[in-house]
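First comes the structure, then the notes that go with it.
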Amino acid sequence: MPDFDFDFDFDFEVIVAGSGGGIAGAYTAAREGLSVLLVESTDQFGGTTAYSGGGGVWYPCNPALQRAGTDDTIDAALQYFHAVVGDRTPHDLQEAYVRGGAGFIEYLEQDPGFEFAPFPWPDYYGSVPGARNDGLRHTVPVPLPDQSLGRYTGLVRGPLDTERLGSPAPDLLVGGRALVGRFLAALDKLPNAICWR
């Protein structure tokens, strides 16, 4: 384990338990100036997020998709999303998700440690109104070498076949592993954030 010693009497403004999905919240809080402690209970970072082979996010109209030339609109994406999800969740929450995703990718890409690209995957329900079959609604983090993570090299969980079958871990982080790796590298550059396991 790398040396992450710190004074346990120190006060943090934000404590995040778990480094899967919570790592995005830890990063955002630290980037916005709050002191953050990210605590992971296992010997590796990433939770089930790191198991995702694609690591993609469905955030229509985000900057990576716009660079690829999408002509998609938020209204078309909402039409599709509402048709698929229906009334299982409140429509205002559905709208917040669809409308907020592009801004989140834009926010992350303001940090040079984050880079995203289109993932050519069609919408799952291709015959539903508003669906896109060209794959220009899915986005993935650009892969990065594990050794570029400095003190976090070798500390991103997965992939699943490594853990379950004993396969050697690839040197290139892709999918969810790349996303977790990029968050760890970005957090490591922020003086007000500590990642501890």
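The values are calculated or read from the model by the stated rules, or taken from the named source; none is laboratory data. Everything numeric here is computed off the predicted structure, so don't read it as measured data. Cβ coordinates were reconstructed from backbone atoms using ideal geometry, including for glycine residues, and neighbour counts include every protein chain displayed. SASA here: full protein model, heavy atoms, side chains in, ligands and nucleic acids out. Shrake-Rupley method; radii C 1.70, N 1.55, O 1.52, S 1.80 Å.
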query: What about Leu108, is it closer than 24 Å to Ala29 by Cα and either touching a Gly at 6+ places or on another chain (Cβ under 8 Å) or open to solvent by 20 Å² or more (accessible area, probe 1.4 Å) (or both)?
result: no
- prompt: Counting only residues that are of a type in the set (S, T, N, Q) and open to solvent by 40 Å² or more (accessible area, probe 1.4 Å), which one in the stretch 138-161 is nearest to Gln66 (Cα to Cα)?
  reply: Ser148
field: Selection count, the stretch 140-165, where residues are more than 24 Å from Phe119 (Cβ to Cβ) and assigned to a loop (DSSP other than H, G, I, E, B)
entry: 3
- request: Being of a type in the set (Lys, Arg) and within 13 Å of Cys61 (Cβ to Cβ) is the filter here, so list the residues in the stretch 82-130 that pass it.
  value: Arg99
- prompt: Right, Ala193: modelled with pLDDT under 95, open to solvent by less than 40 Å² (accessible area, probe 1.4 Å) and in contact with a Leu (Cβ under 9 Å, 6 or more places away or on another chain) or not?
  reply: yes
